[in-house]
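Here the structure comes first, spelled out in structure tokens, and everything after it is commentary.
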Amino acid sequence: GITDDRDMSEQTPQQHDLNDAWAAKVLAVAAIRIGDTVAEIGAGHGALTAGLLAAGAKVHAVERDELRSKGLRTRFAAQIADGSLQLWTGDAQQWQHHLPPGWRVVANPPFNLTAPLVHRWVVGEDPPPMAIDLVLQRETGMKMSPKPGEQNRTSVLMAVAGRASVRLLLPREATTPPSRVDLC
């Protein structure tokens with residue numbers, strides 16, 4: 001896995017873990033199929049991870065927090081052993097991976113990493129992901145999928161890869177602790 005040697009004590013963003021019920025709704029919208037290869041950024045306590053594995057996906061998860069990663073390694077020891085889950089600890093921006101054509105993203109990433117990760121996925125990956133399903137701040141989701149005539153730099157970038165849309169609105173209470181902003 002990745003080891004990030006920087007002192008993160010002052011850099012750690014607030015962590016928002018999806019609860020199981022909302023993770024299930026996000027996964028229903030993502031429509032994961034058996035055998036899909038999925039990158040999950042910000043695995044947290046594993047609500048999305050568990051659902052992805054239950055759907056039959058091969059999961060490549062990244063979690064920056066070492067304690068959370070340790071908990072994931074314990075919770076999903078059998079899936080790590082059988083190869084259905086690969087877990088890396090470290091900064092997702094530093095994660096070097098080689099995923100097969102047709103891979104996709106399903107994630108609840110740290111909000112401060114959304115823009116650089118999406119940019120990387122859209123213009124910097126070879127092969128690029130087939131689909132990107134993210135839990136985001138609602139305002140960010142709206143910027144990525146604006147109404148006609150309201151395009152912006154972010155939405156133009158997204159148009160390079162396909163069509164962005166907000167498919168699910170989440171309340172602040174969909175995460176623990178509750179988000180300070182509305183989600184989609």
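The values are calculated or read from the model by the stated rules, or taken from the named source; none is laboratory data. What you see is a predicted model; the values in this text were computed from it and never measured. Virtual Cβ from ideal backbone geometry, glycine too; neighbours counted across all protein chains shown. Heavy atoms of the whole protein, side chains included, go into the accessibility calculation; ligands, DNA and RNA do not. Shrake-Rupley method; radii C 1.70, N 1.55, O 1.52, S 1.80 Å.
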* Asked: Once the dipole of the chain is set up with Lys and Arg at +1 and Asp and Glu at -1 on Cβ about the Cα centre, which of Pro110, Ala55, Gln93 lies farthest towards its positive end?
  -> Ala55
* What residues have an amide H closer than 5 Å to that of Leu170, excluding those fewer than 5 places away on the same chain, when H is modeled at 1.01 Å from N in the peptide plane? -> Leu183, Cys184
* Dipole moment magnitude, nearest 20 debye, region 36-127 about Cα centre, only Lys, Arg, Asp, Glu C-beta charged -> 180
* To do: Enumerate the amide H contacts of Gln86 below 5 Å, restricted to partners 5 or more residues apart or on another chain; note that Pro and chain-start residues carry no placed amide H.
  => Val59, His60, Ala61
* To do: Report in % the part of the accessible area of the chain that belongs to carbon and sulfur, leaving out ligands and nucleic acids; probe 1.4 Å.
  => 52
* Asked: Can you give the % of DSSP beta bridges in the chain that are antiparallel, to the nearest 5?
  -> 20
* **Relative contact order (percent, whole number), region 64-125, Cα cutoff 8 Å, 6+ residue spacing** => 29
* To do: With a 1.4 Å probe and every protein chain left in place, work out the accessible area per residue of the chain in Å², rounded to a whole number.
  => 53
* Could you name the lysines in cross-link range of Lys70, using Cα to Cα under 28 Å and dropping any fewer than eight places away on the same chain? -> Lys25, Lys58
